[in-house]
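Colleague: Just passing along the structure, written as structure tokens.
The values are calculated or read from the model by the stated rules, or taken from the named source; none is laboratory data. The structure displayed is predicted, hence computed values, not measured ones. Positions of Cβ are generated from backbone atoms using ideal geometry, with glycine treated the same way; all protein chains shown enter the neighbour counts. Areas reflect the complete protein model, heavy atoms only, side chains present, ligands, DNA and RNA absent. Shrake-Rupley method; radii C 1.70, N 1.55, O 1.52, S 1.80 Å.
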Amino acid sequence: MARKKFDLIVFDWDGTLMDSTAIIVKCIQAAARDLGLAVPDNKAAAHVIGLGLAEAMQVAMPGLEPSQYPRVVERYRYHYLAQDQDLTLFDGVREMLADLSQQGYFLAIATGKSRVGLNRALHETKLLSAFDATRCADETFSKPHPAMLQELTRELGQDLKRTVMIGDTTHDLQMAINAGAAGIAVQYGAHPAHELDVLKPLFNATSTVQLHAWLKDNA
């Protein structure tokens, strides 16, 4: 049976498949504290999730001198690596990915994580073989630039008009718009539902289970 709308489903990682938003916020704040910088509040720290790490630190800590970028990134990674073994997938993620793969969709990841960070996460969660392609912020332009989606569709021989990006931030949805792809929001991650709704996603899911059900009926 022909699929309704999409052949390629692209997922963000943090805050969409992995329940990591709160820990990322704490690690950004800890990095600022280590260097004696102004500590961003929870909202400001959460807002930059999904960007490449260097870009995220620049936005979360305005006024940061370029010479401090490497140091603040190093401190963030130090704090994150001390906790990442405690991170878990959202309930229903494994079942959703297995079902979508069985139905014949191409599955991919577009993430603000580094390649080393994503590979580590995929290894820890035993999801290395679940995706047909992945793209990270240190390999190309950071979100919301459309490059990740453009490169993924080229690699997999797919059409952007039959591609959907699923993410928990406005960066994800704006990337989809910029690439000419569709966007679906999840409101259990970094950005609040009202900010996501401004970008008019096809759907705004309150849980992975609800997302899975929508994809089964509509994708």
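Colleague: So, in the range 15-52, how many residues would count as being surrounded by 23 or more Cβ atoms within 10 Å (Cβ to Cβ) and either at pLDDT 95 or above or closer than 17 Å to Met96 by Cβ (or both)?
Modeller: 4
Colleague: While we're on this one: Out of the range 71-103, which residues are open to solvent by 40 Å² or more (accessible area, probe 1.4 Å) and not in a helix (DSSP H, G or I)?
Modeller: Ala82, Gln83, Thr88, Asp91, Gln103
Colleague: Still on this structure, please answer the following. Given the condition surrounded by fewer than 17 Cβ atoms within 10 Å (Cβ to Cβ), more than 24 Å from Ala45 (Cβ to Cβ) and in contact with a strand residue (DSSP E or B) (Cβ under 8 Å, 6 or more places away or on another chain), answer yes or no: does some residue in the range 181-191 qualify? Break it down into steps so the answer makes sense when it comes.
Modeller: Of the residues in the range 181-191, the ones surrounded by fewer than 17 Cβ atoms within 10 Å (Cβ to Cβ) are none.
No, that holds for no residue.
Colleague: Report yes if Glu55 is surrounded by fewer than 22 Cβ atoms within 10 Å (Cβ to Cβ), more than 30 Å from Lys5 (Cβ to Cβ) and of a type in the set (D, E, K, R), otherwise no.
Modeller: It is true that Glu55 is surrounded by fewer than 22 Cβ atoms within 10 Å (Cβ to Cβ), more than 30 Å from Lys5 (Cβ to Cβ) and of a type in the set (D, E, K, R).
Colleague: Residues of the range 26-68 being in contact (Cβ under 8 Å) with a residue 60 or more places away in the chain, of a type outside the set (Asp, Glu) and closer than 26 Å to His123 by Cα, which ones?
Modeller: Those that are in contact (Cβ under 8 Å) with a residue 60 or more places away in the chain, of a type outside the set (Asp, Glu) and closer than 26 Å to His123 by Cα: Ala46, Ile49, Gly50, Leu51, Gly52, Leu53.
Colleague: Does His212 meet the test of being over 28 Å from Met57 (Cα atoms), assigned to a helix (DSSP H, G or I) and more than 16 Å from the chain's Cα centre (by Cα)?
Modeller: Spelling it out, His212 is indeed over 28 Å from Met57 (Cα atoms), assigned to a helix (DSSP H, G or I) and more than 16 Å from the chain's Cα centre (by Cα).
Colleague: Let me confirm something: among Leu160, Leu128, Leu149, which residue is surrounded by fewer than 17 Cβ atoms within 10 Å (Cβ to Cβ) and in contact with a helix residue (DSSP H, G or I) (Cβ under 6 Å, 6 or more places away or on another chain)?
Modeller: Being surrounded by fewer than 17 Cβ atoms within 10 Å (Cβ to Cβ) and in contact with a helix residue (DSSP H, G or I) (Cβ under 6 Å, 6 or more places away or on another chain) holds for just one of Leu160, Leu128, Leu149, which is Leu128.
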